[in-house]
2 protein chains.
Amino acid sequence: MPDQPHANVIQELLGELHASFSGVREGRVADYIPELAKACPDDFGIVIATSGGRIYEIGDTRKEFTIQSISKPFIYALALKTLSFDFMASKIDVEPSGEAFNAISLDPDSGKPRNPMINAGAIAASAQICDADPSGAVDLLLDYFAELAGRRLSIHEAVYRSEKETGHRNRAIGHLLRNFNIIESDPEPALDLYFRQCAIGVTCRDLAVMAATLACQGRNPFTGGQPLSHDITVRVLALMGTCGMYDFAGQWLHDVGIPAKSGVAGGVLAVIPGRLGIATYSPPLDNFGNSVRGVAVCRQLSAGVGLSLFNQYFQADATIRRSYHGSQRKSRRWRSERELEILAPHRDEVRIIHVQGVLDFGGIEQLAAELVRLSGDVRVLILDLAHVTECPMESSGLLDRQLCALEDQGVEILLSRAGRLPLVTRSDWTISDRIDAYAHLDSALEAAENLLLSWYAPVVDAENGAADGLTEQGVLAALSEEHRRILVDRMVRRSFAAGDVVIRRGDPGDELFLVRSGSFDIALDIRTGDGLSHSTRLATFGPGLCFGEIGFVAQTPRTADITATQPGACWVLHRDAFEELSASHPDVVIALLKALTCDIGAKLSQTSVQLTLMEHY
Amino acid sequence: MPDQPHANVIQELLGELHASFSGVREGRVADYIPELAKACPDDFGIVIATSGGRIYEIGDTRKEFTIQSISKPFIYALALKTLSFDFMASKIDVEPSGEAFNAISLDPDSGKPRNPMINAGAIAASAQICDADPSGAVDLLLDYFAELAGRRLSIHEAVYRSEKETGHRNRAIGHLLRNFNIIESDPEPALDLYFRQCAIGVTCRDLAVMAATLACQGRNPFTGGQPLSHDITVRVLALMGTCGMYDFAGQWLHDVGIPAKSGVAGGVLAVIPGRLGIATYSPPLDNFGNSVRGVAVCRQLSAGVGLSLFNQYFQADATIRRSYHGSQRKSRRWRSERELEILAPHRDEVRIIHVQGVLDFGGIEQLAAELVRLSGDVRVLILDLAHVTECPMESSGLLDRQLCALEDQGVEILLSRAGRLPLVTRSDWTISDRIDAYAHLDSALEAAENLLLSWYAPVVDAENGAADGLTEQGVLAALSEEHRRILVDRMVRRSFAAGDVVIRRGDPGDELFLVRSGSFDIALDIRTGDGLSHSTRLATFGPGLCFGEIGFVAQTPRTADITATQPGACWVLHRDAFEELSASHPDVVIALLKALTCDIGAKLSQTSVQLTLMEHY
């Protein structure tokens, strides 16, 4: 059935939720203005929008209704964004009121509204926004909600007019706030903005996107825009948690554990921080003014599938994706026998740690614990950051300090694949001036091996005899002196500049190369899991090593490019010379083929073991 | 400096926290009984205990003080554990009271205490525990606290006596509860248990371990014991969140966002669900009865390093560790040319998905989204579960349904490395009866290839000519008919039973094997990141393939065992025959060595590409 999309159990779950509560007949549609009373009590929609940018929906999810009080957390956020935190703290408290949504709830001394989730708080917030830009406030509002919902929203004129005409209680609140100087000018524009924001038309789907934006710390996961900062979002979620849904502060959090806000038109918006936005639409309300079916859906998601702030599973050291010794991973530079011997006893002085996810406090703690466990023998740490998705401000300083402390203790740190993380280029990140960053893990591995060689081996002059491809240090070490002489008589020396393509994919495999000096890379375009093609080095060859042998022996076209990465030279054996040699000196050809077999065999063993080690992760 | 332990920035942070608040001189030590008044106001300890089982501590962390009200969440949990949830709901409400810790706060109609975090609630809970086992209650209590703290705790006799003698208000509460029949017998034993539990001696370190046990959903991460169930732990955390710290319910959650509980002796216990337990000890109290320095530490951890329930980072699809096409990963069974040709156009009908972490609702959603995105061409799904740490009850049903739905749509599912997850053997997991589980990913990959071969290739008789190692289908395909005849004249046929060791590590490499029939495995002990040695197959050889060639050509001892995994036969070339052939028919030896070079070369290319693909993750 290739044409049928695969079933998704989350979508099925939503269908079941919808079916189990669509028959509920409790609650009453709000009727304090005629426009609201027109709502159909059977309308029922549920949407889940994930932080990953996916949407699941069922029922009446595209029908418009007015946002009403669900605008409150967003208006408060807009006020925080437009004005300072301190200024807003002087205008509105953040205490749960323990009173009904339309209670006046002002502090008897200061006149400050108890919190921004009650009408008084929202009117006070609207007044500050109006004062900041009297003529532009409505445009600001609509632009802002467009960013939150990912589409242009508009104000339902009839609801706005009706609420404005009948909003006597709210008007009274406005004047009381003026009396206490919480509102510092004529309250009417603030009230107008308040009535307009409550009358914004939304669908259940819009609310879910707005909820997901709160779940993503202010970033809209569908548009990539960032209408709210991280700081503001955390405050708004805390307010929704403590003052969002019930008269009795805290009860909702205890029972359901999901920050949420409801509106009298029947909407409910709920947030699982970091993960999901949830929205429901069903007009009949309970005595608290919350949608009956909306509350039931939230309760079921909390009790049935464990969505609650307090129900968080232990992620066992999830930040450490892998951690292993240097002997478990070699770079793609093929090393000569001599280098391999020098490296062998010291490879475990290198440690490779791959970290993943968000490096928040918990993540840094896990990394720090892994670093503290490092053996005192470790002199080089490769820290691979390819799978780190974020390093928040409040913890990046800790990471910086942890790495600096390690460097101070004499450990060389090489960062690998840190490119996606802006932190390494941030000015407050001191470690970035001290450590080297590599675009590829393989380059970091090679750099680590080079450090070991610089510590434990005398400098080798690449052009001297010991590094010559035809001496006892190279691939042909097993050949007798005479066999080597016979071979070299038939080879030509060829020099290359850095960047020269020595072998080109598709060319006939007519030559065998023995490296005399320099460095030569095989690169291949590899299609990885993301579907993209990456040019990746398969191997690097230095003095004494041989390349091009497979196509040469098999007489097949070249399968990859080989490029000189620095100036160098090779001994080259052409097929014609090889054929002549097969007839005249079969013993030399047999010795050469044996040497090649052994060389490739050793590489195959090493690569197979490396692959097996990789697969263990 | 190999002997100096590496610096840990978390430990440093704790030191800074301690330094910045140790100078605070506000607050007063509780003095309502003489024993408490003896406490030293300068005492100050901070401990963080992680879900991963690590402890960071600074200051007076090993000094004993009495637990006091911090016992309350645990006593309520013990009551829930001893009796049913429903029964306890009939005895104690879970509403934030908005009143002081020693307020009587009973529901005027039912007489039920508002919540278990006030004295009345804790006395009512103690009464139920007493009633369940009147003579064993104290032992039960102490055994339970030993599990929570990971060590035996004892009751501070002087404090207990003193509180018992002066606890008139609590005694009044006991009798009021008796009056309402919340306590159904003499309240004195309940009060005695209450006074004892408040007088349990703990250190700051004990409290941190208890907090970490709550963070780990009831599992003590230091002992591995499970004193509390997941369900109970979630309820207790919610209560601590809404009723734990302040008179004014919700304010603490809004400002700090960390479920916590304090005691009048100066302890504070705080929990970051899923992650950390935090404890502080500092006797001077504020007007609410909370430790001044303890509150300051919690506030600083929330504001400074972002520890709050509402501050949760978006983990972008963290459940999908890797996801890739079948063409990006081949099994370790080397395939004949013919099999490779059959597999090549169909490999992408296999998909491999590695999942990781906790498969809770969010995790299942990410997996479901990945599965829904699968191309309709995918006929085999390998689901690798090696890195899944937990699949909670409330979401395992969703996983089961998702996998069953996929199977119903015609996708074969192969589970790999599911062994650590108990769910696959659980009776309510229907999928386990329908799908195959493999202990190794490599076995699952081979099974997937075998499925493709069974669908797209006619059955090959392993014993017929086409599969014979010396025909045109094998390694020696490039050899002429005559060269093959000359070779076979010098080879012997050898048969093996399943389990026979064909090549033993350390043996001289005197023989070259060409598989005629059966299946042969190379296994190697590999030391992985966990430091353990695993026997892992490096490769499997079937008909037409050759093994043992590297040691044979290099004349080196065998480096790994090779075992027959089913009955089979090989053609074997001994070194003596090879040497004789080198002299008599060098052209045959050259052709043989070329064929071996090509064969190993092809394997090296394939393995290098596989390794490069692996390294991209």
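Things worth noting here:
- Lysines whose Cα lies under 19 Å from that of A:K81, excluding same-chain neighbours fewer than 8 positions away: A:K72, A:K91
- Compactness of region B:22-167, taken as the C-alpha radius of gyration over 2.2 N^0.38 Å, stands at 1.18.
- Its residue count N sets the reference 2.2 N^0.38 Å, and the alpha-carbon radius of gyration of the protein assembly as shown equals 1.10 times that reference.
- Sites B:R169 and A:R169, calculated FRET efficiency, Cβ-Cβ separation with R0 30 Å, nearest 0.05: 0.10
- Considering only alpha-carbon pairs that sit under 8 angstrom and 6 or more positions apart, the relative contact order computed for chain A is 11 percent.
- Teacher prompt: A:T559 distances to equivalent labels in other copies, 7 Å Cα→Cβ, nm: 2.0
- Against chain B, whose longest principal axis is taken from its Cα atoms, helix B:393-408 shows a tilt of about 30°.
- Whole-angstrom Cα spans of region B:541-617 along principal axes, big to small: 51, 31, 24
- Cβ-placed point charges (K, R +1; D, E -1), dipole of chain B about Cα centre in debye, nearest 20: 880
- Nearest-20 debye value, the protein assembly as shown charge dipole, Cβ charges on Lys, Arg, Asp, Glu: 820
- Cα-based Rg of region A:265-377 normalised by 2.2 N^0.38 Å, two decimals: 1.93
- For B:R558, the residues whose amide H sits under 5 Å from its own are B:G506, B:D507, B:G509, ignoring neighbours fewer than 5 places away on the same chain, with H placed 1.01 Å from N.
- For region B:465-615, the Kirkwood hydrodynamic radius from C-alpha pairs, put into Stokes-Einstein at 25 °C and a viscosity of 0.890 mPa s, yields a diffusion coefficient of 151 µm² per second.
- Short-range pairs are left out: with C-alpha atoms under 8 Å and at least six residues apart, the relative contact order of region B:320-456 is 27 percent.
- Considering all C-alpha pairs of region A:320-456, those separated by over 28 Å amount to 14%.
- Computed from label points 7 Å out along Cα-Cβ, the spacing between B:N179 and A:A344 is 8.8 nm.
- Cα point-scatterer Debye curve for region B:195-321, base-10 log of I(q)/I(0) at q = 0.15, 0.21, 0.22 Å⁻¹: -0.70, -1.31, -1.40
- Inter-copy label distances for B:G376: 6.5 nm (label point placed 7 Å from Cα along Cα→Cβ; shortest first).
- Share of carbon and sulfur in the accessible area of chain A stands at 51%, probe radius 1.4 Å.
- Residue among A:Y324, A:L398, A:V372 farthest towards the positive dipole end of region A:320-456, charges placed on Cβ: A:Y324
- Charge dipole of chain A about the Cα centre (unit charges at C-beta), most positive-ward option of A:Y56, A:Q356, A:Q610: A:Y56
- If the chain linking A:E337 and A:R151 were pulled fully straight, counting 0.36 nm for each residue of separation and taking away their Cα-Cα distance, it would gain 60.5 nm.
- Cα gyration tensor of region B:1-90 - equivalent ellipsoid semi-axes, whole Å, descending: 33, 24, 11
- Proximal lysines relative to B:K63, as straight alpha-carbon distance under 18 Å, when same-chain residues fewer than 8 apart are discounted: B:K38
- Protein heavy-atom accessible area occluded, A/B pair - total, 1.4 Å probe, Å²: 12400
- Whole-percent P(r), region B:9-305, all Cα pairs, 5 Å bins from 0: 1, 6, 13, 18, 20, 18, 13, 7, 3, 1, 0, 0.
- Per-residue 3J(HN,Hα) values for region A:534-543, derived from phi via the Karplus relation 6.51 cos²θ - 1.76 cosθ + 1.60 with θ = phi - 60°, read 10, 7, 10, 7, 8, 6, 10, 10, x, x Hz in sequence order (x marks Gly and Pro).
- Annotation for A:E184, label-to-label distances across the other copies: 6.4 nm (shortest first, one decimal, point 7 Å from Cα along Cα→Cβ).
- With all protein chains kept in place, the per residue accessible area of the protein assembly as shown amounts to 36 square angstrom at a probe of 1.4 angstrom.
- Residues of region A:361-394 buried by at least 40 Å² on assembly (accessible area, 1.4 Å probe, chain alone as reference): A:F361, A:E365, A:V372, A:G376, A:E394
- R0 of 22 Å, Cβ-Cβ distance B:D109-A:N287: FRET efficiency to nearest 0.05: 0.75
- Gyration tensor over alpha-carbon atoms, chain A, equivalent ellipsoid semi-axes in Å: 70, 26, 20
- Packing, as the average of other Cβ atoms within 10 Å across residues, places the peptides B:253-264, B:582-593, B:500-511 in the order B:253-264, B:582-593, B:500-511, highest first.
- Between A:R527 and A:H534, the built amide H atoms are under 5 Å apart, and every one of these is 5 or more places off in sequence or on another chain.
- With a cut-off of 14 Å between beta carbons, the residues surrounding A:S22 carry a summed charge of -3, where Lys and Arg count +1 and Asp and Glu -1.
- Projecting the Cα atoms of A:H534, A:L228, A:I67 onto the charge dipole of the protein assembly as shown (Cβ charges, centred on the Cα centre) puts A:I67 farthest toward the positive pole.
The values are calculated or read from the model by the stated rules, or taken from the named source; none is laboratory data. Just so it is clear, the structure is predicted and the values come from calculations on it, not from any experiment. Virtual Cβ from ideal backbone geometry, glycine too; neighbours counted across all protein chains shown. Calculation scope for accessible area: heavy atoms of the full protein, side chains included, ligands and nucleic acids excluded. Shrake-Rupley method; radii C 1.70, N 1.55, O 1.52, S 1.80 Å.
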